[in-house]
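Student: Below: one structure in structure tokens.
The values are calculated or read from the model by the stated rules, or taken from the named source; none is laboratory data. Remember, it's a predicted structure, so these values are computed and weren't measured experimentally. Glycine also receives a Cβ, built like all others from the backbone with ideal geometry; neighbour counts cover every protein chain displayed.
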């Protein structure tokens with residue numbers, strides 16, 4: 001092959017445990033039959049597989065495409081992915097070609113900017129014998145030029161560039177450019193329209209995920225991460241936070257009917273900004289802690305095919321943002337589109353039944369924003385952020401804010417720190433991770449302590465925050481400092497008496513639980529800085545697991561074969577399929593909040609796979625073997641895995657991150673085939689090994705009997 005016909009893309013691949021990165025070379029070529037392994041596993045934690053397993057979505061798009069394309073024409077597919085919608089359009093045009101004349105302008109153009117996905121699409125299109133029917137272009141749609149990349153403007157636009165909030169993947173700027181430069185006047189589109197809806201709710205659980213100030217007021221340890229006057233120092237990272245609200249249906253009190261907010265027509269150029277004010281009548285007394293939002297797609301112009309991401313409790317009619325009566329709108333549990341939560345600032349807004357509140361909504365090109373106020377006056381219960389506080393502000397995942405407000409967690413950490421500092425006159429404490437609570441706790445417990453924070457995720461940002469909080473807590477600023485790891489080794493001659501971590505690394509929020517063993521790596525690298533009697537908190541890590549019934553999650557990660565009549569088997573390895581794998585093949589580990597995974601049930605007792613001793617540096621591979629008995633009958637789809645952090649040498653203080661702890665993600669190992677088990681009769685043997693000296697890859701083997 002001529003070297004000029006090959007394009008190369010370099011993708012950064014990060015190893016969270018070893019803290020190293022490497023550039024993976026991905027080459028582009030035009031030979032669809034050329035074997036390629038450079039993208040294997042590269043997309044295994046993305047939502048592509050889950051989306052392609054969403055049968056209601058696939059069927060809805062197919063029916064709408066067949067209904068919308070009425071004669072051969074030029075069809076443009078933006079964000080083509082594996083090419084499914086392009087192939088639907090091409091197949092429809094082939095059928096119509098028997099009735100209508102076809103000219104050179106009748107074609108399907110598939111536009112996809114991500115090279116690994118383009119390579120995969122070429123394989124899928126080739127596998128289905130449609131290579132001559134679809135023109136695949138590896139560019140962003142706003143890079144396409146008529147007359148250069150495509151011969152003419154497109155008559156029909158098909159696209160699926162939607163996230164859980166609707167706008168986050170750049171829907172508006174993409175449509176704007178398409179209408180300006182790529183589409184004919186008054187084009188046909190699939191989808192035809194998208195409408196957003198929301199509902200006011202009371203939920204203590206959701207309140208805890210953003211209101212640390214009031215959570216801290218109920219604790220007794222005396223440590224204040226958000227002191228009075230600095231309530232907005234810590235805030236949730238995402239204003240619209242995607243999550244499966246159906247999982248907390250029994251904990252949500254509805255305070256309004258569903259409210260229609262914005263409407264976006266795909267068939268015309270959308271506006272970059274929009275504002276709306278709605279007077280909402282409370283249907284019940286309560287406190288508005290959050291606004292839950294979702295969207296509804298109308299896929300055809302006549303309004304007969306719909307797809308909705310509404311919560312399960314919403315009535316099935318389009319007027320309230322639920323599902324249309326069309327079967328295409330009935331969707332199973334899936335993870336690629338969730339609902340979104342907008343957290344009401346502070347302790348929320350109290351309302352009486354029948355009272356009206358003003359809901360102001362606005363959208364930018366990429367976000368939808370909400371503001372609440374009483375009809376008579378702005379709520380006094382919403383704290384105002386000062387400019388100084390904004391300068392100091394740190395953002396955290398909502399779950400981490402909830403952890404810091406959790407009294408059980410704080411008491412466990414507090415007890416462990418008291419034990420660790422006991423008998424130390426002027427202790428030097430080193431926090432190697434992005435912990436915020438432990439450094440302040442060390443300052444609070446021991447008046448002579450000095451704290452150093454490496455804070456690899458927050459870096460220098462944590463300095464202004466901790467100095468402000470230390471001052472508010474009555475600690476002198478000279479007792480705390482932030483340093484880089486390199487500076488630490490150069491300037492600190494005193495030995496470290498206490499090395500601590502929660503462990504929490506802000507850059508590892510979406511990774512597998514045992515990848516927080518970066519803490520052990522850091523502890524090992526810094527061993528020469530520790531005093532002979534240095535205390536390590538946590539003292540030990542315990543990898544735990546249990547067998548699980550997970551039908552929805554397993555189905556969403558199954559191997560693909562036929563997708564609306566198109567063979568997708570070639571994508572399974574690259575997209576990280578877990579279920580229905582060929583014998584001897586293993587799927588990847590996946591990070592999930594188990595409690596949000598649809599129907600779930602624990603089928604065995606929780607068991608320990610291996611223990612990791614942090615009091616000593618890493619020296620060798622860790623192994624474990626255990627036999628587990630099933631305590632409930634049912635179908636086992638896989639295992640949930642998590643870390644328990646043993647904080648002290650006596651094993652008396654343990655922080656668990658298991659499935660019943662909803663603020664932590666667990667790891668999931670799905671079985672290639674589900675296994676029916678019987679309580680009291682069935683058992684499984686688990687063997688596992690991990691080499692923390694390198695990438696920390698977990699090898700997990702299982703057998704059932």
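Student: Any idea how many residues of segment 452-480 are within 22 Å of residue 507 (Cα to Cα) and either in contact (Cβ under 8 Å) with a residue 40 or more places away in the chain or surrounded by 16 or more Cβ atoms within 10 Å (Cβ to Cβ) (or both)?
Tutor: Kept after step one, since they are within 22 Å of residue 507 (Cα to Cα), are these residues of segment 452-480: 452-466.
Subsequent filtering for residues that are either in contact (Cβ under 8 Å) with a residue 40 or more places away in the chain or surrounded by 16 or more Cβ atoms within 10 Å (Cβ to Cβ) (or both) retains 452-458, 461-466.
Qualifying residue count, segment 452-480: 13.
Student: Among the residues of segment 177-198, is any assigned to a loop (DSSP other than H, G, I, E, B), farther than 30 Å from residue 466 by Cβ and touching a residue at least 12 places away in the same chain (Cβ under 8 Å)?
Tutor: yes
Student: Tell me yes or no: at least one residue of segment 521-532 is under 30 Å from residue 60 (Cβ atoms) and crowded, with 18+ Cβ neighbours inside 10 Å.
Tutor: For segment 521-532, residues under 30 Å from residue 60 (Cβ atoms) and crowded, with 18+ Cβ neighbours inside 10 Å: absent.
Student: Please verify whether residue 118 is in a helix (DSSP H, G or I) and in contact with a strand residue (DSSP E or B) (Cβ under 9 Å, 6 or more places away or on another chain), treating the condition exactly as stated. Break it down into steps so the answer makes sense when it comes.
Tutor: On the way: in a helix (DSSP H, G or I): yes; in contact with a strand residue (DSSP E or B) (Cβ under 9 Å, 6 or more places away or on another chain): yes.
Against the criterion (in a helix (DSSP H, G or I) and in contact with a strand residue (DSSP E or B) (Cβ under 9 Å, 6 or more places away or on another chain)), residue 118 qualifies.
Student: Being in a loop (DSSP other than H, G, I, E, B) and over 18 Å from residue 498 (Cα atoms) is the filter here; which residues of segment 457-485 pass it?
Tutor: 457, 458, 459, 460, 473, 474, 475, 476
Student: Same structure, new question: Going through segment 673-705 one residue at a time, which ones are in contact with a strand residue (DSSP E or B) (Cβ under 9 Å, 6 or more places away or on another chain) and not in a strand (DSSP E or B)?
Tutor: Hits for segment 673-705 are 678, 679, 680, 681, 682, 691, 692, 694, 695, 696, 697, 705.
Student: How about segment 205-227: which of its residues are closer than 20 Å to residue 439 by Cβ and not in a helix (DSSP H, G or I)?
Tutor: Narrowing segment 205-227 to residues closer than 20 Å to residue 439 by Cβ: 212-213, 215-216, 219-227.
Listed by number, the residues that qualify are 219, 220, 221, 222, 223, 224, 225, 226, 227.
Student: Test of understanding: among 90, 80, 60, which residue is more than 28 Å from the chain's Cα centre (by Cα), closer than 30 Å to residue 188 by Cα and modelled with pLDDT of 95 or more?
Tutor: Numbers: 80 fails: more than 28 Å from the chain's Cα centre (by Cα); 60 fails: more than 28 Å from the chain's Cα centre (by Cα).
Of 90, 80, 60, the one residue that is more than 28 Å from the chain's Cα centre (by Cα), closer than 30 Å to residue 188 by Cα and modelled with pLDDT of 95 or more is 90.
Student: Would you mind telling me which numbered condition in (1) closer than 26 Å to residue 697 by Cα; (2) in a helix (DSSP H, G or I); (3) out of contact with any helix residue (DSSP H, G or I) (no Cβ under 8 Å at 6 or more places or on another chain) residue 515 fails?
Tutor: Among (1) closer than 26 Å to residue 697 by Cα; (2) in a helix (DSSP H, G or I); (3) out of contact with any helix residue (DSSP H, G or I) (no Cβ under 8 Å at 6 or more places or on another chain), residue 515 violates only (3).
Student: Kindly evaluate residue 235 against the criterion of being under 18 Å from residue 401 (Cα atoms) and touching a residue at least 40 places away in the same chain (Cβ under 8 Å).
Tutor: So residue 235 fits the description; yes.
Student: Output the number of the condition that residue 155 fails; it satisfies all remaining conditions of (1) buried (at least 21 other Cβ atoms within 10 Å of the Cβ); (2) outside any loop (DSSP other than H, G, I, E, B).
Tutor: Here residue 155 meets the rest and fails (1).
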